[in-house]
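Taking it in order: structure first as structure tokens, then the write-up.
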Amino acid sequence: MKRVIILLLIFFIVAFTFISATHSLPGPKPHPLKLNIPPGWPKPAKDIFAGNPLTEEGFQLGKKLFYDGRLSKDGNFPCASCHQQFAAFATYDHDFSHGYNNLFTTRNAPPLFNLAWSPLLHWDGGINHIEVQPLAPLTAPNEMAENADSVLKKLRKDTAYVRLFKAAFGTPVINSQRMLKALAQFTGSMVSSNSKYDKVMRGEAKFTYAEDEGYKLFKAHCAHCHTEPLFTDFSFRNNGIDANDYLKDYGRMRITNDKNDSLKFKVPSLRNVALTFPYMHDGRLYSLGQVMEFYSTGININIPTLDSSLKKRVPMTNVQQNNLIYFLYTLTDTAFVKNPRFAQ
Amino acid sequence: MVADGKQIKIGLIIIGALMLLYGSPVTAQRNEGTITIRFTHSVQAAPLILDSGVYQNPFGEVYRVSKLKYYISNIKLKEYGKSLWLKNNYYLVDAADTASQQFSITVPAGKYESLEFMIGVDSMKNVSGAQSGALDPTKGMFWTWNSGYIFFKLEGNSTASTFVNQKIEYHIGGFAGAANALQAVNLAPPGNQTIIIHKNAVTTVYINTNVNALWKGSYDLKIATLPAMMTPGMVSKSIAENYKAMFSITNIAAD
């Protein structure tokens, strides 16, 4: 009987080693993370991580990809070349960003944060899920000018990536779906919620007199589009910015083919707005001072799709404009732009 | 106590039997067979030859095809009154890749009246992020600037085209609202044939795709007026309503 038992044992050991050698066994489980939803904020309308469980390993892989030039054709244009952390992940001081072959983007690069709340991405809302967003810059000839197959080939050659993909997804397979999901884990977990404004709301700080006056103006004239706490209601509107003769960019209409959407663009969040100049979808306004002038006197009231709330413009005295700017400064989240978790 | 040869043998036989039982394909016991669907491509009666074949559309416009790809999904077999939904797989048929033109599905044995499928990708998969397999968004069948799948892609050239280099380019898709271009196709076998699936056997259904249906249906697609269409919308939808008539079952063969 003993011998049977020994034989059986040997059999099982051999069988087990055989099975584990042929099936690459999954490594240790990745560590789950939770999206940080600041107290008092609404829940995201849809869970962008529903099919992509957020983990520390997935996040770290996404971060490496975000900063890796190999995602672009000539190695020079990682995501981070246009999305710079010190500019809240917009392109600092550029109306248009540089891309491959001395070409420029045709829209101003928006900052990246609180994307988990954004139902549609890009100025015209053309992107319906954060996971498929990177395909746009990756393949655009004026941005990264690459194709996914060639990027994946480069990644597969790098043993560091093989390890990171295995850590994040259990097996070392490197495919487009995993690359896109990892990038979404990184960009989707960027949350900016620690500005002076947030501290005031939490009772940890106080507005100055000028900031407070600015806040009142903001609530009266701006907040129905730039709605707190995200400072956007994610709708598409025309705020009086007319067509750019050179670019002929009609915004949302390109996606919906509906002329009622002509010249409508996604209402941008105003968080970190002091860092994201120049402003508007084509970067035509260089400073917040110019933005104030624009809302006061520059709105083109002949645009048929102009939002009805702006038909009379928002006339403001110089003092009011300055107070509003002081308020907008309180939306800068230094902790976010310096957060080492999102840094290279 | 020392185990004799007999005991060891019995032990091994038991283990072997357990392994067999565990590992045996379940299908062998079920009353199931296989349906293989095979696509061929033509322009009217002539076989489609990419790049070099020269064809004429119903408006007398001369054209060549360099690329033809489309999604087949949501395959169903209809069984006199009932409809049997097969696995919701997605297949990308590519006229340039013979391996993509044939696929097999395990189905309950029986007699079926017709075959149904969708040309395109249902709206759910258009809005749920990065997919894999046939739906991998890097297969050139996904609009990167306006998220969504291209359901049908035909490219080539034509002397009637006013587009750059006399190109013709039709990228048809769209899943939202009134412009939803997803099309259901219901194909009955020719004559009074039925689709019969026998247990543990393969039945091959041959489907021919006649490109010329693209140009004329309820909508007149003239190359001279519209050499390219690359966005979702009502025109794309009309073109999709034309091309859904491209398909017909030419033969059914049991092996």
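The values are calculated or read from the model by the stated rules, or taken from the named source; none is laboratory data. In this text, all values refer to a predicted model and were calculated from it rather than measured experimentally. Cβ atoms come from the backbone with ideal geometry, glycine included; neighbour counts cover every protein chain shown. Just so you know, the surface numbers come from the protein's heavy atoms only, side chains and all, with ligands and any DNA or RNA stripped out. Shrake-Rupley method; radii C 1.70, N 1.55, O 1.52, S 1.80 Å.
Residues that are in a helix (DSSP H, G or I), closer than 29 Å to A:Thr276 by Cα and of a type in the set (Lys, Arg): does the range A:177-193 have at least one? Yes, some residue in the range A:177-193 is in a helix (DSSP H, G or I), closer than 29 Å to A:Thr276 by Cα and of a type in the set (Lys, Arg).
Per this entry, B:Ala99 is counted among residues that are of a type in the set (Gly, Ala, Ser), open to solvent by 60 Å² or more (accessible area, probe 1.4 Å) and more than 14 Å from chain A (Cβ to nearest Cβ).
For the range A:133-157, a tally of residues being free of Cβ contacts under 8 Å to residues at least 24 places away in the same chain and farther than 18 Å from B:Pro137 by Cβ returns 2.
For residues in the range A:124-145 being within 11 Å of another protein chain (Cβ to nearest Cβ) and of a type in the set (S, T, N, Q), which is farthest from A:Gly69 (Cα to Cα)? Before the answer, list the steps.
In the first step, residues of the range A:124-145 are kept if they are within 11 Å of another protein chain (Cβ to nearest Cβ); the result is A:124-140, A:143.
Now restrict to residues that are of a type in the set (S, T, N, Q): A:128, A:133, A:139.
Working: A:Asn128: 25, A:Gln133: 17, A:Thr139: 14 Å.
Restricting to residues being within 11 Å of another protein chain (Cβ to nearest Cβ) and of a type in the set (S, T, N, Q), the top hit is A:Asn128.
Looking at A:Tyr286, A:Tyr295, A:Tyr279, just one residue is out of contact with any strand residue (DSSP E or B) (no Cβ under 8 Å at 6 or more places or on another chain) and in the same structural domain as A:Ala223 (by TED's automatic domain parsing), and that residue is A:Tyr295.
Within the range A:124-138, restricting attention to residues that are in a helix (DSSP H, G or I) and of a type outside the set (Gly, Ala, Ser), which residue is most open to solvent (accessible area, probe 1.4 Å)? Once the filter is applied, the top-ranked residue is A:Pro137. Within the range B:127-144, not a single residue is at pLDDT below 95, farther than 17 Å from B:Lys244 by Cα, part of a strand (DSSP E or B) and in contact with a Ser or Thr (Cβ under 6 Å, 6 or more places away or on another chain).
Filtering the range B:162-189 down to residues that are more than 20 Å from B:Tyr80 (Cα to Cα) and among the aliphatic types (A, V, I, L, M), which residue is most open to solvent (accessible area, probe 1.4 Å)?
B:Val164
Considered as a group, the residues in the range B:124-139 that are more than 10 Å from chain A (Cβ to nearest Cβ) and either farther than 29 Å from B:Ile252 by Cβ or among the aromatic types (Phe, Trp, Tyr) (or both) include one that is surrounded by the most Cβ atoms within 10 Å (Cβ to Cβ), and that residue is B:Lys125. Screening the range A:146-172 for residues that are at the interface with another protein chain (Cβ under 10 Å from one of its Cβ atoms) and among the aliphatic types (A, V, I, L, M) and picking the one that is surrounded by the fewest Cβ atoms within 10 Å (Cβ to Cβ) gives A:Leu152.
From the list B:Asn242, B:Asn200, B:Asn192, the lone residue that is surrounded by 15 or more Cβ atoms within 10 Å (Cβ to Cβ) and not in a strand (DSSP E or B) is B:Asn242.
Criterion first (open to solvent by 10 Å² or more (accessible area, probe 1.4 Å), without any contact (Cβ under 8 Å) to a residue 12 or more places away in the chain and more than 14 Å from chain A (Cβ to nearest Cβ)) does B:Gly217 satisfy it? Spell out how you get there, then give the answer.
Numbers: open to solvent by 10 Å² or more (accessible area, probe 1.4 Å): yes; without any contact (Cβ under 8 Å) to a residue 12 or more places away in the chain: no; more than 14 Å from chain A (Cβ to nearest Cβ): yes.
No: the conditions fail for B:Gly217.
Of all the listed residues (B:Phe152, B:Phe142), the sole one being hydrophobic (A, V, I, L, M, F, W, C), open to solvent by less than 10 Å² (accessible area, probe 1.4 Å) and under 30 Å from A:Pro134 (Cα atoms) is B:Phe152. Being assigned to a loop (DSSP other than H, G, I, E, B) and either out of contact with any Cys (no Cβ under 8 Å at 6 or more places or on another chain) or acidic (Asp, Glu) (or both) is not true of A:Val151.
Take the residues in the range A:17-38 that are more than 30 Å from A:Gln344 (Cβ to Cβ) and more than 13 Å from chain B (Cβ to nearest Cβ); name whichever of them is modelled with the highest pLDDT. Lay out the reasoning, then the answer.
Restricting attention to the range A:17-38, the residues satisfying the condition of being more than 30 Å from A:Gln344 (Cβ to Cβ) are A:17-25.
Okay, now just the ones that are also more than 13 Å from chain B (Cβ to nearest Cβ), so A:17, A:20-25.
On the way: A:Thr17: 45, A:Ser20: 44, A:Ala21: 41, A:Thr22: 41, A:His23: 46, A:Ser24: 53, A:Leu25: 59.
By that ranking, first place goes to A:Leu25.
The residue that is most open to solvent (accessible area, probe 1.4 Å), among those in the range A:82-123 that are aliphatic (A, V, I, L, M) and away from every other protein chain (no Cβ under 11 Å), is A:Leu103. Tallying residues that are assigned to a loop (DSSP other than H, G, I, E, B) and at pLDDT 95 or above within the range A:250-265 yields 4.
Can you pull out the strands (runs of 3 or more DSSP E) entirely within the range B:43-115 that have at least 3 residues that are touching a residue at least 60 places away in the same chain (Cβ under 8 Å) and touching a Ser or Thr at 6+ places or on another chain (Cβ under 9 Å)?
Values: elements: B:62-79, B:82-85, B:90-94, B:102-108, B:110-112.
In the range B:43-115, the matching strands (runs of 3 or more DSSP E) lie at B:62-79, B:102-108.
For the range A:195-211, the condition holds for no residue, the condition being that it is open to solvent by less than 40 Å² (accessible area, probe 1.4 Å), within 9 Å of chain B (Cβ to nearest Cβ) and touching a residue at least 40 places away in the same chain (Cβ under 8 Å).
Restrict the check to the range A:51-72 and report whether at least one residue is of a type in the set (Gly, Ala, Ser), loosely packed, with under 13 Cβ neighbours inside 10 Å and part of a loop (DSSP other than H, G, I, E, B). Write out each step before concluding.
If we filter the range A:51-72 for residues that are of a type in the set (Gly, Ala, Ser), which is where we start, we get A:51, A:58, A:62, A:69, A:72.
If we keep only those that are loosely packed, with under 13 Cβ neighbours inside 10 Å as well, we get none.
No, the conditions are met nowhere in the range A:51-72.
For the range A:175-194, a residue qualifies if it is within 14 Å of another protein chain (Cβ to nearest Cβ) and open to solvent by 10 Å² or more (accessible area, probe 1.4 Å), and the qualifying residues are A:Asn175, A:Gln177, A:Arg178, A:Lys181, A:Thr187.
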